[in-house]
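The values are calculated or read from the model by the stated rules, or taken from the named source; none is laboratory data. Since the model is a prediction, treat every value here as computed from it, not as a measurement. Don't worry about glycine lacking a Cβ; one is built from the backbone with ideal geometry, like all the others, and counts go over all protein chains shown.
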Amino acid sequence: MSQAAPVYRCPHPGCDHAPLAPSAAGLACPQGHEFPFAPGTQVPVFAKEPPGANEYAAQNAAEVHDNALRWVFNTFRSDEATLRENLVRRLALRPGLRVLVTGAGAGNDLPYLARALQGRGDIHAQDFAQEMLLAGEQRHRALQTADLRLTFSVSDATNLPFADGWFDAAYHFGGINLFPDIARGMAEMARVVRPGGRVVIGDEGVAPWLRDTDYGRMLVRNNALYACEVPLRHLPAVATGVELTWELGQCFWVIAFDVAEAPPAIDIDVPHVGTRGGSIRTRYFGQLEGIDPALRDKLYQEAARRGLSRVEFLESLLRGGLEP
């Protein structure tokens with residue numbers, strides 16, 4: 001069973017995610033780093049967007065975002081409930097699990113996650129914009145019960161205040177295109193999810209086959225974020241079972257993946273059988289300086305005459321040329 005609240009860890013470099021303890025006005029780590037609660041709340045603030053830095057940091061940020069969402073669903077002739085239920089379903093949740101929501105904003109996904117957990121488990125909502133997150137905390141307090149614990153933090157999604165493998169699943173929909181380091185944001189989600197856990201991430205991005213049509217060009221002209229490409233190259237090395245779809249008029253990409261215990265394992269010393277010879281290790285790490293092409297061809301011919309692979313012949317010559 002989940003504990004009563006997330007065990008926060010210090011996100012400062014050098015603290016090695018040391019556990020945080022309650023202090024007079026917030027949380028503190030053994031090295032002296034202090035993290036206050038947002039005024040009038042028990043929501044810890046680890047890092048935040050400067051007030052007024054953008055529309056998400058304004059006092060009416062949640063209302064502005066609500067208006068934008070209405071436009072999205074009206075434009076694509078869809079409804080919010082259908083989309084969010086579809087995306088949350090990909091997490092394969094069950095009662096009792098811990099779920100992290102990064103870029104949670106005003107918490108639109110929280111009721112759907114609560115239902116997927118059947119009212120039992122832990123949900124932690126994180127956002128860099130304090131105004132948005134606190135609006136979400138106020139809107140969704142009623143979701144909290146004795147069996148469903150709902151907690152919040154104002155923090156940096158690329159430097160999460162949690163231990164490795166603390167969550168069973170992580171979810172993000174809308175906002176990762178604006179991360180200063182998308183790869184690090186994805187890596188952090190994978191870091192705090194246990195091996196075998198699930199991650200689902202999505203944001204704006206017109207499907208490639210529609211990008212050069214009037215449909216795609218109109219959307220990009222309306223909102224430049226629709227030109228964003230799917231960040232598959234930014235997935236962490238531990239991502240496995242990767243699935244990619246497009247939603248809402250093929251204009252929002254969604255990546256789902258499982259978290260592996262380690263990156264793919266290979267044996268780089270298995271020898272190649274054939275003319276060239278060598279192994280992955282020698283071909284990658286053993287590159288030498290270029291030589292005269294005519295001399296190269298003579299070496300290859302001599303290797304063939306002796307019945308050796310090129311690597312075997314060259315290595316024998318090099319060993320012979322070294323002083324004992």
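Structural remarks
Matching residues to (1) of a type in the set (D, E, K, R); (2) more than 22 Å from Glu204 (Cβ to Cβ); (3) modelled with pLDDT of 95 or more; (4) not assigned by TED's automatic domain parsing to the domain that holds Val242:
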residue	(1), (2), (3), (4)
Ser2	no, yes, no, yes
Phe37	no, yes, yes, no
Val45	no, yes, yes, no
Glu49	yes, no, no, no
Asn54	no, no, no, no
Ala62	no, no, no, no
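- Residue in the stretch 163-174 that is farthest from the chain's Cα centre (by Cα), counting only those that are buried (at least 23 other Cβ atoms within 10 Å of the Cβ) and either without any contact (Cβ under 8 Å) to a residue 60 or more places away in the chain or within 16 Å of Leu133 (Cβ to Cβ) (or both): Phe173
- Exactly one residue out of Ala146, Ala114, Ala142 is hydrophobic (A, V, I, L, M, F, W, C) and either outside any helix (DSSP H, G or I) or in contact with a Phe, Trp or Tyr (Cβ under 7 Å, 6 or more places away or on another chain) (or both): that is Ala146.
- Residue in the stretch 94-112 that is in contact (Cβ under 8 Å) with a residue 40 or more places away in the chain, surrounded by fewer than 16 Cβ atoms within 10 Å (Cβ to Cβ) and within 21 Å of the chain's Cα centre (by Cα) present: no
- Tally of residues being surrounded by 15 or more Cβ atoms within 10 Å (Cβ to Cβ) and in a helix (DSSP H, G or I) across the stretch 216-248: 8
- Among (1) surrounded by fewer than 14 Cβ atoms within 10 Å (Cβ to Cβ); (2) in contact with a Gly (Cβ under 9 Å, 6 or more places away or on another chain) - the single one Ala61 does not satisfy: (1)
- Residue check: Pro271 meets all listed conditions (1) in the same structural domain as Gly165 (by TED's automatic domain parsing); (2) farther than 30 Å from Asp168 by Cβ; (3) without any contact (Cβ under 8 Å) to a residue 12 or more places away in the chain but one, namely (1).
- Only residues that are out of contact with any Leu (no Cβ under 7 Å at 6 or more places or on another chain), more than 21 Å from Gly165 (Cβ to Cβ) and among the hydrophobic types (A, V, I, L, M, F, W, C) were counted across the stretch 92-143, and they come to 8.
- Members of the stretch 179-195 that are in contact (Cβ under 8 Å) with a residue 24 or more places away in the chain and not in a strand (DSSP E or B): Ile182, Ala183, Arg184, Gly185, Met186, Ala187, Glu188, Met189, Ala190, Arg191, Val192
- Single residue of Ala135, Ala106 found to be part of a loop (DSSP other than H, G, I, E, B), more than 24 Å from Asp258 (Cβ to Cβ) and of a type in the set (A, V, I, L, M, F, W, C): Ala106
- Condition check for Ala81 on (1) part of a loop (DSSP other than H, G, I, E, B); (2) modelled with pLDDT of 90 or more; (3) of a type in the set (A, V, I, L, M): one failure, at (1).
- Candidate set from the stretch 185-215 (those that are buried (at least 21 other Cβ atoms within 10 Å of the Cβ) and among the small types (Gly, Ala, Ser)); member that is nearest to Gln126 (Cα to Cα): Gly185
- Residue selected from the stretch 274-285 under the condition part of a loop (DSSP other than H, G, I, E, B) and touching a residue at least 24 places away in the same chain (Cβ under 8 Å), by the criterion nearest to the chain's Cα centre (by Cα): Gly278
- Leading residue by the ranking (farthest from Gln130 (Cα to Cα)) among those in the stretch 19-37 that are small (Gly, Ala, Ser) and assigned to a loop (DSSP other than H, G, I, E, B): Gly32
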